[in-house]
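Input: a single structure, listed below in structure tokens.
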Amino acid sequence: MGGRVNKLEYFLVVMFGSSSWLSTNSIWMELPLLVAELPEGWSLPSYLAVIVQLAVLGPLAYSVISKCIHKELKPAPVITGMLAFGCVCTVLLALFWDRTAFIGGERRSVALFLAFFGLAIVNCTSNVLFMPYMAAFHHSYLTAYFVGMGLSALFPSVVSLIQG
């Protein structure tokens with residue numbers, strides 16, 4: 001699709017790109033507050049890093065499903081579903097981040113881990129879904145997408161600084 005670049009569409013693509021890792025980056029910015037409240041303490045970042053690494057199962061599952069059904073999945077509905085799932089995980093995280101359960105005789109932040117895992121799956125899978133989707137549009141929009149990806153780290157950092 002050639003043609004001129006619409007400024008509103010460009011801005012919306014930047015916002016779309018920022019959604020790719022915004023939630024995960026936001027959690028990293030809140031770590032000083034989380035470690036003070038949760039039973040894992042300063043081990044929490046290690047648990048979260050492992051969760052993000054396990055979330056690469058999302059792109060793997062998407063690739064396997066795409067190959068097994070022998071039919072190309074339409075990216076727009078899959079992306080919409082992934083973003084909706086991310087919203088649900090964000091709401092669950094906001095409501096239940098501090099809920100713990102006993103596992104192996106120790107308190108663990110199970111609700112945080114599960115909601116964060118859902119968010120990390122969305123974030124990891126966004127790398128596989130969003131860029132090929134954006135390639136169908138004017139090349140300037142791909143640049144806007146990458147600008148948005150960069151802002152997905154900047155927005156939470158600025159909010160964290162404002163919070164003190």
Report summary line: With 0.36 nm assigned to each residue of separation and the Cα-Cα distance removed, Trp42 to Val56 gains 2.7 nm
Query raised in the report: With axes computed from alpha carbons, what is the tilt in degrees of helix 139-163 against the longest principal axis of the chain, rounded to the nearest 10 within 0 to 90?
Result: 30
Report summary line: FRET efficiency (Gln163, Lys67; Cβ distance; R0 45 Å; to 0.05) is 0.50
Report task. Report, in degrees rounded to the nearest 10, the 0 to 90 angle that the Cα long axis of helix 7-18 makes with the longest principal axis of the chain. Result -> 40
Query raised in the report: In the P(r) worked out for the chain, what percent of Cα pairs fall beyond 19 Å?
Result: 60
Requested in this report: Excluding residues fewer than 8 places away in the same chain, name every one of the aspartates and glutamates whose C-alpha is closer than 17 Å to that of Lys71.
Outcome: none
Report task. Between Phe85 and Arg4, take the C-beta separation as r, use R0 = 35 Å, and let me know the FRET efficiency to the nearest 0.05. Result -> 0.55
Query - Relative contact order [Cα under 8 Å, 6+ residues apart], the chain, whole percent - result: 47
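Since every read-out is calculated from the coordinates, none of them should be taken as a lab result. From a predicted model like this one, the values you see are computed outputs, not experimental measurements. All Cβ positions, glycine included, derive from the backbone under ideal geometry; neighbour counts span all protein chains shown.
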